[in-house]
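*Asks:* What follows is a structure written as structure tokens; I'll ask about it next.
The values are calculated or read from the model by the stated rules, or taken from the named source; none is laboratory data. Not measured: the values here are computed from a predicted model. Cβ placement follows ideal geometry from the backbone for every residue including glycine, while neighbour counts extend to all protein chains displayed.
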Amino acid sequence: MSEDRDGKSTRQEGDSFFVQLDGDRSRSRTVESAKGVYLYYSDGSRLMDASGGPVVVNIGYGRQAVADAAYQQMSKIAFSYETAIIRELFAKLDQFTPDGMSRFYPLTGGSEAVEAAIRFARHYHLHTGSTDKFKVIGRWSSYHGYTIGAASVTGNVLRRQGFEPLLLPFPHIDPCYCFRCPFRLEYPGCNLLCADKLEETILREGPDTIAAFIAEPIVGASGGCLVPPDDYFLRIQEICSKYNVLLIIDEVMTGFGRTGTNFCIEQFGIVPDMITTAKGMTSGYAPMGMLIVNEKLMAPEEPRVEGFGSISTYSYHPVSAAVACAVLDILAEEQLVERSRKLGSYMFNALEKLKSHPNVADIRGRGLFAGVELVRSRSDNQPYDRDAKFAQRVLDNCKSKGISFYSGTGMAPGLTGEHIMIAPPFVITEEEIDTCVAVLEQGITEVAIELN
Ligand SMILES: Cc1ncc(COP(=O)(O)O)c(C=O)c1O
């Protein structure tokens, strides 16, 4: 949420989980505590958080074990680059990540992890003789963060708007958005033209200049859970390998069990060169991001790079590391990744009934990560005009009924297109999922009636 000159709040997409501050801040309610999937407010009200904030709180709110781990670590040693806890975290991550993804560079959030991946790509090519390689290709309808490098590879036009003069001139290709295929083709007849566009772009820009390609495995807030066909990333990896382009998979939103496996890319049968991640790793209990690099880039044989020194003051933070260790323990002990997969199936079954709703065009995702694309009418799948703020009004409606979701806009032609995401903490129950779906259905219906 941002503020205008009078100090009034001006709301943007995805603001629904923020406390709404009006002119008089003293009268605004605040979140006092939280447990499981519920937030408890100072005015005595309760809200079911069906997106875990901006898709962060994988293990659920109010975990005493995580608070204890943070307290104990802070009591022992709150700041040093040489603590045992950071080594413990690397050992745990080594077990949790895909084979070979075993070099860890801790940071303080997702944007920084993406920034570090861009730097690493440049660092790698500099040290392996491809000194002209520096560009990173991104995709339209993507989000990779707000820092300048991360914003430059980001393809969400609304989030780039106004900042273009500051951004690096990196190329973008179309996303894999089958529901509104940019090429008006259908899988498998399309023969993955959208993936082949990567090769075309590399050749047009000059392969000697391209350092890396970055993509979310399932596009989050900028697309509403866009799932590519199973062979999309295989083709992408082939193209990257052919031109010595590093493949960065951005799992800031999809990592740590969100889509039903530890990392989402595992479901597409490839191991990338780098993974960027954050959010679910600490589940919001402390800030932390991580750049994970494939060991093969740093192996003793050529080509290789020596260590990578891109760190900031709070990289390796012991308290965040203790929190991440406690989160990983909870994920394992309570088999929460499996729970995300199983309850994900339940959620997609429950969402089936929304498929016939006149304002629901598409439902997609994996695990506990669902996107519901909204339209004015299913007859032509035209979205509402942006001014109608359909998705935002649905969010407000559902919030007034006690449930918050997450939304995004701008993925359809003309920067229209709206979706609502359901991405609850993994501790949600089947009954609570049913309530979410019922409230969402009612919210969409009521707002559509208001608008028509
Ligand atoms: C896929 C993806 N990458 C990067 C980021 C940026 O992460 P952060 O907000 O922690 O800087 C986000 C944030 O939503 C994201 O969804």
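*Asks:* I need every pair where a residue in the stretch 335-350 that is farther than 17 Å from ALA50 by Cβ has its Cβ under 9 Å from the Cβ of a residue that is modelled with pLDDT under 95, sequence separation at least 6 or different chains.
*Replies:* none
*Asks:* Something else now. Is it true that some residue in the stretch 349-361 is farther than 19 Å from PHE263 by Cβ, over 17 Å from the mean Cα position of the chain (by Cα) and of a type in the set (Val, Ile, Thr)? If you could, list the steps in order and put the result at the bottom.
*Replies:* We begin by selecting, within the stretch 349-361, every residue farther than 19 Å from PHE263 by Cβ; these are 349-361.
Next, from what is left, pick out any that are over 17 Å from the mean Cα position of the chain (by Cα): 349-361.
From the residues that got through so far, the ones that are of a type in the set (Val, Ile, Thr) too are 360.
Within the stretch 349-361, one or more residues are farther than 19 Å from PHE263 by Cβ, over 17 Å from the mean Cα position of the chain (by Cα) and of a type in the set (Val, Ile, Thr).
*Asks:* Turning to a different aspect of this structure: Yes or no: the stretch 128-136 includes at least one residue that is assigned to a loop (DSSP other than H, G, I, E, B) and surrounded by 24 or more Cβ atoms within 10 Å (Cβ to Cβ).
*Replies:* yes
*Asks:* May I pose another question? Would it be correct to say that VAL437 is closer than 29 Å to ILE265 by Cα and more than 20 Å from the chain's Cα centre (by Cα)?
*Replies:* yes
*Asks:* OK, next. It is to be established whether one or more residues within the stretch 411-432 are touching a Pro at 6+ places or on another chain (Cβ under 7 Å) and surrounded by fewer than 24 Cβ atoms within 10 Å (Cβ to Cβ). It would help to see each step written out before you state the result.
*Replies:* Taking the stretch 411-432 as the starting set, the residues that turn out to be touching a Pro at 6+ places or on another chain (Cβ under 7 Å) are 412, 416-418.
From what is left, the residues that are surrounded by fewer than 24 Cβ atoms within 10 Å (Cβ to Cβ) are 412, 416.
Looking for residues that are touching a Pro at 6+ places or on another chain (Cβ under 7 Å) and surrounded by fewer than 24 Cβ atoms within 10 Å (Cβ to Cβ), one finds at least one in the stretch 411-432, hence yes.
*Asks:* Something else now. Inside the stretch 77-109, can you point out the residues that are without any contact (Cβ under 8 Å) to a residue 12 or more places away in the chain and not aliphatic (A, V, I, L, M)?
*Replies:* If the condition is that a residue be without any contact (Cβ under 8 Å) to a residue 12 or more places away in the chain and not aliphatic (A, V, I, L, M), then GLU82, ARG87, ASP94, GLN95 are the ones that fit.
*Asks:* Something else now. Can you pull out every residue in the stretch 312-333 that is free of Cβ contacts under 8 Å to residues at least 12 places away in the same chain and under 18 Å from ASN262 (Cα atoms)?
*Replies:* Let us first name the residues in the stretch 312-333 that are free of Cβ contacts under 8 Å to residues at least 12 places away in the same chain, namely 313, 332-333.
Within the stretch 312-333, ALA332, GLU333 qualify.
*Asks:* Tell me, please, whether a residue that is among the small types (Gly, Ala, Ser), assigned to a strand (DSSP E or B) and buried (at least 24 other Cβ atoms within 10 Å of the Cβ) can be found in the stretch 381-401.
*Replies:* No, the conditions are met nowhere in the stretch 381-401.
*Asks:* On to the next question. Would you confirm, using the coordinates I've provided, whether GLU112 is of a type in the set (Asp, Glu) and closer than 30 Å to HIS317 by Cα?
*Replies:* Judged against the criteria, GLU112 is a match.
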